[in-house]
Amino acid sequence: TEHPYVFPPVDLLKQGDSTVRITKEEVERNMQTLRSVLKSFNINIKEMAYSCGPTITRYEVRPESGTRVRQFTLLSDDIALGLAAKSGIRIEAPIPGKPAVGIEVPNDNPATVWLRSLIDTPEFTSSKGILPVCLGADISGKEVFLDIVKMPHLLIAGATGMGKSVCINCLVTSLMYRYSPADVRLIMVDPKQVEFVPYKDIPHLFVPIITDPKAATAALSAAIDEMEDRFTKIKDMGVRDIRGYNDIAAMDPEVEKMPYIVIIIDELADLMMVAKNEVEDSICRLLQKARAAGIYLIIGTQRPSVD
């Protein structure tokens, strides 16, 4: 007999302080510097506000009428020089829905966003989303959650050390805290052979963690077969997608519920080097059709291009 799934206690996660570490004096000093830098380029400021996030502070600048927005983007290097920013600043010109230009400056002491503080929130525990997961905190320090079903596929790209694997670990942990294996199954592909080791015994695994690129190709082909099989069942039931099918399964004990399947690939570039054509064809088919069958892809890669 199968043991019932016991949800992990939140105490397993480290508790930490997520408070933003930038002082009011620092913010006011930066605002003063911004005003003087912009003034030296003949840009006068009508109003200025700010919002502090864990890693950056955004200064919302409302220039006087007649100022061209393009001037701000041209001055990004001069503003970074004036503020002595540790890394480049980002200009959002204009901020969507606001009559202001955003100047995003990295904080000298970034705050850590703790996963436990996100999982503990009512927004996550009582979320109306189908597959909600924790992502982090936004520019104002507010928690950010996303629903895998709404995305419905995700590409996490960035250079080494940018936090791709941290992001993927947060998504997997969120699913384990929220769903039993009857609701969500995982196919995890880890060509690096180190990233998913802690998950090797979790009951959510559809197949054991895949580390061999050839086996990954076979697993993606099996996922396509599973997708086609699900579409046949969904069509025979006379519904449109997995949600309609599971609604019938909830009322009819003879119909077995379909769990959602999340396929997570930690390093796509490595698979592409070994079996480019097979992997690419499988991923394209899944991206085009799999969402209605409740199969979703999360792909991490160091390559900066989307193709």
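The values are calculated or read from the model by the stated rules, or taken from the named source; none is laboratory data. From a predicted model like this one, the values you see are computed outputs, not experimental measurements. Cβ atoms come from the backbone with ideal geometry, glycine included; neighbour counts cover every protein chain shown. SASA here: full protein model, heavy atoms, side chains in, ligands and nucleic acids out. Shrake-Rupley method; radii C 1.70, N 1.55, O 1.52, S 1.80 Å.
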I want the antiparallel fraction of DSSP beta bridges within the chain, as a percent rounded to 5.
55
Among Val239, Pro253, Leu268, pick out the residue whose Cα is farthest towards the positive end of the charge dipole of region 208-275, where Lys and Arg carry +1 and Asp and Glu carry -1 on C-beta, about the Cα centre.
Val239
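Using 0.36 nm per residue of separation minus the Cα-Cα distance, give me the extension gain between Asp138 and Val6 in nm, one decimal. Numbers along the way, then the final one.
On the way: separation 132, 0.36 × 132 = 47.52 nm, distance 3.14 nm.
Length difference between fully extended and current span is 44.4 nm.
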Taking the Cα atoms of the chain, what is the range of coordinates along each of the three principal axes, in descending order and whole Å?
72, 42, 40
How many nm separate the modelled label positions at Ser87 and Thr33, each set 7 Å beyond the Cα in the direction of the Cβ?
1.7
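Mind putting a number on the dipole of the chain about its Cα centre? Charges go on the C-beta only, +1 for Lys and Arg and -1 for Asp and Glu, and I need it in Debye to the nearest 20.
On the way: 35 positive and 41 negative charges, 222 e Å.
Using only the charged Cβ atoms, the result is roughly 1060 debye.
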Have a look at Val194, Ala182, Ile209 and report the one farthest towards the positive end of the charge dipole of region 170-226, computed about the Cα centre with Cβ charges (Lys/Arg +1, Asp/Glu -1).
Val194
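Name the longest site-free stretch of the chain, where the excluded sites are trypsin sites (Lys or Arg not before Pro) in a DSSP loop with no more than 15 other beta-carbon atoms within 10 Å. Write down the numbers at each step before the final one.
Working: sites that count: Lys14, Arg21, Arg68, Lys86, Lys128, Lys142, Lys150, Lys192, Lys200, Arg240, Lys257.
Maximal segment without exposed cleavage sites: 258-307.
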Ellipticity estimate at 222 nm from DSSP helix runs (n ≥ 4, -39,500 (n - 2.57)) divided over the chain, nearest 500:
-11500 deg cm²/dmol
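If you count only protein heavy atoms with a 1.4 Å probe, what accessible area per residue comes out for region 189-285, rounded to a whole Å²?
Details: 5350 Å² over 97 residues.
In whole numbers, region 189-285 has 55 Å² accessible per residue.
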So what is log10(I(q)/I(0)) for region 76-167 at q = 0.13, 0.19, 0.23, 0.25 1/Å, when the Debye sum runs over its Cα atoms only?
-0.65, -1.15, -1.25, -1.27
Say each of Asn44 and Thr121 gets a label point 7 Å from the Cα, pointing the same way as Cα to Cβ; how far apart are those two points in nm?
4.1
With the charge dipole of the chain built from beta-carbon charges (+1 for Lys and Arg, -1 for Asp and Glu) about the Cα centre, the Cα from Pro4, Leu146, Ala93 projecting farthest to the positive end belongs to Ala93
Which whole number in µm²/s is D for region 1-60 by Stokes-Einstein, with the Kirkwood Rh taken over Cα pairs at 4 °C and 1.567 mPa s?
83
Of all the accessible heavy-atom surface of the chain, with the other protein chains kept in place and a 1.4 Å probe, what percent is carbon and sulfur?
53
